[in-house]
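Quick note: the coordinates plus some simple rules give every number you see, no bench work behind them. These numbers were taken from a predicted model, which means no experiment stands behind them. Ideal geometry is used to build each Cβ from the backbone, glycine not excepted, and the neighbour counts take in all protein chains shown.
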Amino acid sequence: MPELLTLTNVAIERAGRCLLSRLSCSMNAGEVVVILGPNGAGKSSLLLALAGLIPSTGETSLLGKDLHHYSRHELSRLIAWQGELPPTEFGLTVQQRLNLAVTEGGGALKSVAKTMDIQALLQRPLGELSSGERQRTELAALMLRDAPIWLLDEPTAHLDLKHQIQCINMMKKQRSQGRAIITVLHDIQQAMAVADHLILIDGVGGAEYGEAGLLFNSGRLSQLFDAPVVTQGDLLVPDYGKRM
Amino acid sequence: MMLRWSALFFTLCASLLLALSIGEQWINPFSVTDSFEQMILWDLRFPRLLTAFAVGGLLALAGAWFQVLLGNPLAEPYVLGVAGSASAGAVTGLMLIPDSAWVMSLGAFIGAWIGILFVMFFSHLGSNRMLLAGVVLAAFWSAVLALLLALLPEQGLFRAFAWMMGDLSHSDIPVTVLLSAWVIALVCGLMLSRALDLLLLGERHAEALGVDVKKLRQRLLLLASAVTAIAVTAAGTIGFIGLVIPHLMRLLFGSLHRAVLPASAIGGGLLLVLADSAARTVIAPAELPVGILTAIIGVPVFLFLLLRRS
């Protein structure tokens with residue numbers, strides 16, 4: 001059985017700028033890989049490249065076959081991508097948006113809507129929702145798909161605390177059901193709660209892949225973000241300084 | 001929803017009957033008294049109302065497609081300059097052979113396709129850049145048109161302006177061709193409806209959900225431009241139908257294209273039939289250019305929609 005996803009010397013260049021060079025890693029079903037790095041480092045671009053939505057060089061192997069040899073339709077069955085919020089100009093309702101995501105074998109719309117706390121929003125146009133409600137709709141759309149790999153770009157962005165926790169728990173549940181998840185997160189606590197492996201991207205082309213337990217240390221993260229990160233018990237937290 | 005579809009069909013039937021009856025002389029189609037009335041009804045009014053229906057439907061379909069293609073609800077069939085190039089072609093035809101409506105139509109058709117070829121050159125660009133390219137092309141064709149109008153002999157000016165404001169009285173494309181184009185365009189649109197729905201989520205989302213966006217955009221651009229070219233050739237440039245009708249139909253039937261496209265094809269036809277009926281009768285026996293009436297109806301409707309949305 002080939003590994004689900006294997007990257008060998010993957011490099012990404014956008015607008016003449018090298019975002020990533022020579023990233024190698026692999027992942028199996030039931031794993032969560034968290035991508036960390038400063039703004040503009042290329043985290044979202046890596047997800048787009050893994051979804052086949054932007055070009056990359058090197059070798060990306062999906063179920064033993066080169067990613068670039070899959071058709072768009074085949075890729076959409078294997079990889080579900082959650083990125084920017086969709087536009088709202090054309091008046092799609094939440095239910096219509098969710099129906100567009102449904103694939104065979106995915107979750108049932110009503111139960112997914114309940115899980116994401118959006119049952120009451122189903123008939124409302126996307127344009128009338130808050131950013132948090134739209135983000136929950138996007139996460140629900142993801143759950144309606146039967147893809148074995150999820151690529152999530154800041155899934156907890158816009159969410160309140162309750163729904164952030166719900167989102168992290170949902171990722172854990174999906175992992176336990178065999179889903180492979182690669183996600184960009186900015187919150188170190190959330191990353192620590194869910195990551196099996198980390199990809200650290202430094203923004204000048206360098207990337208490091210390894211077990212979460214090894215890479216989660218205050219020195220490495222302080223260096224990555226060029227910001228103070230301190231250890232408090234078992235946790236790593238940003239050092240915001242003393243209360244003024 | 002069934003009620004709304006029924007209302008649309010009822011309004012369509014009533015409008016077709018009204019368009020058949022109304023004119024310089026009122027004729028009841030169910031009690032035609034002589035062969036003259038029969039000739040007016042079936043040889044003049046009936047083909048003209050079918051032409052209006054088909055052209056209106058084609059413009060509304062093209063508008064719906066351009067709005068999705070460019071990701072911009074303000075897009076309409078003429079947004080990429082096809083109307084300007086068609087008008088320049090029509091005026092060129094008028095300059096070459098002044099009294100031939102046929103040559104004018106041929107000029108419009110050739111002009112429209114030259115405009116489309118220009119647009120296709122920019123089809124690989126993203127929506128915003130393509131829109132920007134279209135606006136610049138439209139400005140270019142406006143300048144060409146202004147130059148041609150400046151060179152046009154005075155007696156041709158009225159004909160040129162009438163055509164540019166929309167004119168269903170000189171259509172040289174057979175009604176059967178226009179109705180076939182209406183059916184083919186609608187069927188093609190319905191075949192693409194799922195992909196169009198996914199495109200409403202943005203190009204990235206559509207692609208992630210399995211749509212070959214590049215191919216879809218090319219097909220859509222070609223289809224919408226071809227439909228616009230046929231409509232412009234048949235009736236000149238008629239504004240607002242392609243802008244207003246898709247919005248109105250989204251409000252009535254929701255955003256999914258399996259409903260928006262047939263509703264727009266019918267609604268656009270209906271609006272142009274009504275506008276043309278008014279254009280034929282308001283200052284009878286003379287006629288107003290139908291584009292004036294679609295604008296007079298279209299502008300307040302569109303402003304109302306804008307205010308309602310905000």
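Structure data summary
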item	result
Quarter of the Cα convex hull surface for region B:115-213, i.e. its orientation-mean projected area (nm²)	8.9
Neighbouring partner chain Cβ atoms per residue of A:79-87, average, 10 Å criterion	4
Loop-resident sites, region A:55-125, for GluC sites (Glu not before Pro), counting at most 14 other Cβ within 10 Å (DSSP)	A:GLU84, A:GLU104
Rounded, prolate or oblate (a/c below 1.5 giving rounded, otherwise prolate when a/b exceeds b/c) for chain B by Cα gyration tensor	oblate
Cross-link pairs A:LYS65/A:LYS173; A:LYS65/B:LYS215; A:LYS43/A:LYS65; A:LYS173/B:LYS215 - those with Cα-Cα distance over 31 Å	A:LYS173/B:LYS215
Choice from B:ALA75, B:ALA229, B:ALA286 with maximal GNM fluctuation in chain B (Cα, 10 Å cutoff)	B:ALA286
Distance histogram in 5 Å bins (all Cα pairs of region A:127-223, percent per bin)	2, 11, 22, 23, 18, 13, 8, 2, 1
Sorted by Cβ density within 10 Å, fewest first, the residues A:THR103, A:THR60	A:THR103, A:THR60
Region A:1-132: relative contact order in percent, alpha carbon pairs under 8 Å with at least 6 residues between	22
Pair-distance profile P(r), taking every C-alpha pair of the protein assembly as shown, with 20 angstrom steps and integer %	20, 42, 26, 11, 1, 0
Largest to smallest principal axis extent of the C-alpha atoms in region A:23-140, angstrom	45, 35, 27
Selection from A:GLY91, B:PHE30, B:GLY84, by position along the positive dipole direction of the protein assembly as shown (Cβ)	A:GLY91
Alpha-carbon radius of gyration plus Dmax, which is the widest Cα pair, for region B:111-166 in Å	14.1, 44
Exposed chymotrypsin sites (Phe, Trp or Tyr not before Pro) absent: longest stretch of chain B, with sites in DSSP loops and at most 15 other Cβ within 10 Å deemed exposed	B:31-310
Per-residue Cβ neighbour rank within 10 angstrom, fewest leading, B:HIS257, A:HIS69	A:HIS69, B:HIS257
For residues of B:186-199, the mean tally of beta carbons on other chains within 10 Å	1
Environment charge of A:MET116, counting only residues whose C-beta is closer than 10 Å and scoring Lys/Arg +1, Asp/Glu -1	-1
Estimated 222 nm signal from helices in the protein assembly as shown, with DSSP H stretches of n ≥ 4 weighted -39500 (n - 2.57), rounded to 500	-18000 deg cm²/dmol
Per DSSP, loop chymotrypsin sites (Phe, Trp or Tyr not before Pro) in region A:159-244 with at most 12 further Cβ within 10 Å	A:TYR240
Percentage, to the nearest whole number, of Cα pairs in region B:1-100 over 23 Å apart	54
Residue mean of other protein chain beta carbons inside 10 Å, B:247-260	2
Relative contact order (%) - chain A, alpha-carbon pairs under 8 angstrom, separation at least six	26
Local net charge near B:LEU222, Cβ-Cβ under 14 Å (Lys/Arg +1, Asp/Glu -1)	+4
Taking region B:7-163 and dividing mean pair separation by its residue count, relative contact order in percent (alpha carbons under 8 Å, at least six apart)	20
DSSP beta bridge pairing in region A:118-244, given as percent antiparallel to the nearest 5	65
Three semi-axes of the equivalent ellipsoid, chain A, Cα gyration tensor, whole Å, largest first	28, 24, 17
Local electrostatic count at A:LEU85 - Lys and Arg +1, Asp and Glu -1, tallied over other residues with Cβ under 13 Å	-2
Under 18 Å from A:LYS110, Cα to Cα: aspartates and glutamates that are on another chain or at least 8 residues apart	A:GLU133, A:GLU138, A:ASP146
Distance histogram for region B:78-133 (every C-alpha pair counted, 10 angstrom bins, percent rounded to whole numbers)	29, 40, 21, 10, 1
For region B:204-230 versus region A:150-169, the gap between their alpha-carbon centres in whole angstrom	33
